[in-house]
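J.: Sharing a structure, written as structure tokens. Questions coming.
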Amino acid sequence: MTAARSRGIRTARATGLLSVVFEGDRSQLADIDAVTASYPLRGRVMVADQPFAQGRAAAGIPAPGEVWPDSRLLAALGGHVGSRLSIGAGEFRVGRVLISRPDEGGTFRGLVPNLLMNAADLTRTQLIQPGSRVMYAALFAGTPGRIDAFKDWLEAHRRPGERLRDISSTSPQIKSAVDRARRFLSLASLVAVLLSATAVAMSARRYVGRHLDAVALLKTLGATRRFIFWLTASQLLAVAFLAAAIGSAVGYVTQAWLVYALRGVLASGPLPSVSLAPIGMGFLTAGALLAGFALPPLLQLARVPAIRVLRRDIGPPRPLLLLAFGPAAAVVVLLIYWVVRDWRLFLGLTAGLAAFIALLVLAGVVLVAAAGRLRTRAGVAWRYGVARISRRKADSIVQVVAFGTGIMALLLLGIIRNDLDGEWRRSLPADLPNYFFINIPPQSRDAFVAYLHARGARTSRVLPMIRGRLTGIDGRPVEQMRFADHRGEEFANREQNLTWSAALGADNRVVAGRWWTAADYGQPLVSISTEFERWLGLRLGDRLTFDIAGETLTVRVASIRKVKWDSFRPNFFIVFAPGLLEKLTGTYLTSAYLAPAAAESLAHLARRFPSVSIFDIDDLLADVRSVLDKAVLAVQSVFGFTLLAGLTVLLAAVQSSRDERRYESAIMRTLGASRRTVLHGVLAEFAVLGVISGLIAAAGASLAAYWLTRRVLDLPYVFSPWACIAGILGGGLVVVASGWMATRSVVRQPPLVTLRADI
């Protein structure tokens with residue numbers, strides 16, 4: 001605790017032990033937690049005035065001399081608020097009914113009722129004696145950076161028998177939602193940066209084209225190549241600083257607005273204040289983008305020959321291939337790795353992006369080659385538009401790449417956002433089970449389920465459960481084995497919850513091996529989860545030895561399952577084939593949805609089936625839904641920023657050839673073409689470029705979405721034909737609209753003004 005406080009981390013203590021609680025002549029075994037004043041550090045303790053009622057946030061912890069039993073305990077004792085409970089040598093008043101605690105998480109902390117008391121009262125009970133079984137817990141809360149560093153310190157100094165738990169182990173539902181949102185936001189930010197890089201490259205091309213004459217004139221006046229280089233470099237640095245400063249200011253204001261807008265939503269307190277690290281990252285990103293995508297084109301200006309003053313058809317020398325594409329490729333690769341930090345994902349994204357750009361380039365080359373044949377088979381406007389594609393080969397290919405990249409990025413994020421949002425909402429329907437029932441006796445199983453159904457409850461599958469300990473792997477005792485992950489040691493050194501089932505649950509998916517059939521009944525087979533496989537280093541075919549109720553059983557790993565732990569339905573790390581464990585004594589568990597007004601029924605159920613443990617997860621569901629709502633808001637906000645970046649790419653691609661269009665429009669109108677014909681020709685050109693780019697972008701987005709949803713976000717992928725339709729039609733319409741907005745002033749400008757300006 002001293003080490004934590006020295007690092008600026010808030011602390012609290014909790015002492016847990018089992019004891020019998022008395023209310024008059026009635027008694028009940030309870031899990032007692034004595035907590036200090038700063039408990040629970042984060043979140044809220046929810047209490048009520050009667051068992052199984054709607055909870056409200058408690059102010060602090062129980063006062064000295066007061067206890068808060070949970071609904072199961074108070075209902076089993078037949079007590080109420082104000083009752084006197086005897087705990088050890090002390091007597092305490094029931095001040096509130098404990099509904100939920102933030103450190104309960106989504107796993108079953110214990111199979112007995114819970115009671116919360118003040119740590120100052122623990123000595124009054126005289127429960128802690130030599131030989132007592134007591135669990136001491138230290139709670140820590142602080143900023144993410146300090147907590148991560150302190151977690152590493154705890155891992156390095158953890159003693160045998162100590163366990164380190166965080167959100168990943170206490171609430172898999174919230175962890176899953178946060179992880180998926182984080183991955184999407186990382187991908188969205190990466191896409192936004194890459195789109196911005198494309199816009200920078202297109203803008204730099206136009207800048208170079210517009211300053212060729214000025215640089216040639218400077219060279220006739222004696223300017224050296226070195227002078228031109230430092231002149232362009234200083235301009236680039238000034239633009240980088242100004243862009244980073246504006247972007248940082250906009251980001252700061254946006255965060256302040258979000259905090260203000262979410263002030264009624266953020267129940268856990270205000271967001272951390274902004275630090276200088278994101279501002280520094282903004283400046284670094286701006287500098288990297290300009291160095292990779294703007295500097296190489298600008299360096300060409302230093303090589304413009306002075307003779308261009310007399311011959312304006314002479315452009316800058318072609319850059320070396322490495323100089324033209326090397327810095328940009330290096331920046332893209334570094335950005336991808338900086339965001340994903342995973343070699344397999346990094347290689348997949350890099351290879352996929354390179355293949356997609358190569359496909360766009362190939363499509364541009366094919367389009368340019370085919371444009372010459374198509375232009376003779378339509379009207380004047382169509383011939384003019386298609387002729388531009390064929391005549392300006394390099395510009396057309398570049399625009400196909402820019403349009404395709406922008407459209408693909410928007411489609412990809414749109415598909416993933418919809419899949420993510422749909423999966424979240426499907427995983428938390430209104431009638432999701434909000435109660436878990438554990439320790440259902442076999443002889444009472446049918447009566448218990450019938451009782452729930454009679455009161456309108458909707459139950460999920462009823463599974464058997466028995467406790468067992470893993471004792472050996474392939475004949476080696478687990479005590480003599482060392483595991484790479486400390487969670488493997490925890491699994492090997494404690495009892496496990498085991499079950500058996502003939503059917504594979506809908507929230508389970510076999511990723512290796514096979515699920516058993518009716519012919520495997522009674523065979524020594526077991527199915528393990530991917531977590532159990534990874535933490536213990538297991539493989540298909542390994543032989544596991546268990547000690548179950550004093551009997552030794554050796555089974556073979558027949559399959560490995562990917563379990564959807566955030567389904568809020570009973571699931572197990574280890575599932576046996578049917579016909580092996582039925583003869584051993586065990587209990588059953590199930591989950592059910594009960595309407596909010598079920599408090600009286602649950603109190604009666606606790607008295608009728610006293611051995612059944614009832615877990616109320618309504619508050620947990622509310623917390624998960626709150627997290628998902630915040631995640632959806634964050635996803636939508638980042639998607640909006642990315643949409644703006646994509647539109648910026650489209651406008652930059654259109655603007656890159658604006659000067660050439662202005663000159664060609666003046667020539668066409670001088671030769672007798674009407675303003676309408678010229679405008680229709682421009683729109684025809686953009687329509688062809690947009691449809692071709694949209695078609696390739698739709699295919700690329702669908703393939704990328706399939707790979708990312710399955711490999712990165714762990715979501716089911718459903719092909720949507722609307723994505724292809726949106727890519728083809730939407731791409732064409734958006735590009736045409738962007739082209740019209742950017743070139744309408746060019747077409748409307750009098751030809752004489754344009755031609756005089758170019759003299």
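Just so it is clear, none of the values below were taken in a lab; they were calculated from the coordinates. Everything numeric in this text was worked out from a predicted model, so none of it was measured. Reconstructed Cβ throughout: ideal geometry from the backbone, glycine too, with neighbour counts over all protein chains shown.
J.: Quick check on region 2-170: what are the equivalent-ellipsoid semi-axes from the Cα gyration tensor, as sqrt(5λ), descending, whole Å?
T.: 29, 18, 14
J.: I would also like to ask the following. Once R0 is set to 41 Å, what does the formula 1/(1 + (r/R0)^6) return for the Cβ-Cβ distance between Lys151 and Ala454, expressed as a FRET efficiency to the nearest 0.05?
T.: The value I calculate is 0.30.
J.: Report Rg(Cα)/(2.2 N^0.38 Å) for region 435-616, keeping two decimals.
T.: 1.10
J.: Cβ neighbours within 10 Å, averaged per peptide: list 471-482, 351-362, 29-40, 13-24 in order, most packed at the top.
T.: Most protected by this proxy first, the peptides run 29-40, 13-24, 351-362, 471-482.
J.: Still on this structure: Between Asp49 and Leu242, what is the label-point separation in nm under the 7 Å Cα-to-beta-carbon projection?
T.: 6.6 nm
J.: Still on this model: Near the amide H of Leu525, under 5 Å away, which other amide H atoms are found, from residues 5 or more places off or on another chain, if H is placed in the peptide plane?
T.: The list, which skips near neighbours in sequence, is Arg556, Ala577.
J.: Continuing with the same structure: What does the charge add up to near Asp542, with Lys and Arg as +1, Asp and Glu as -1, over the other residues with Cβ less than 11 Å from its Cβ?
T.: Net charge in that neighbourhood comes out at +2.
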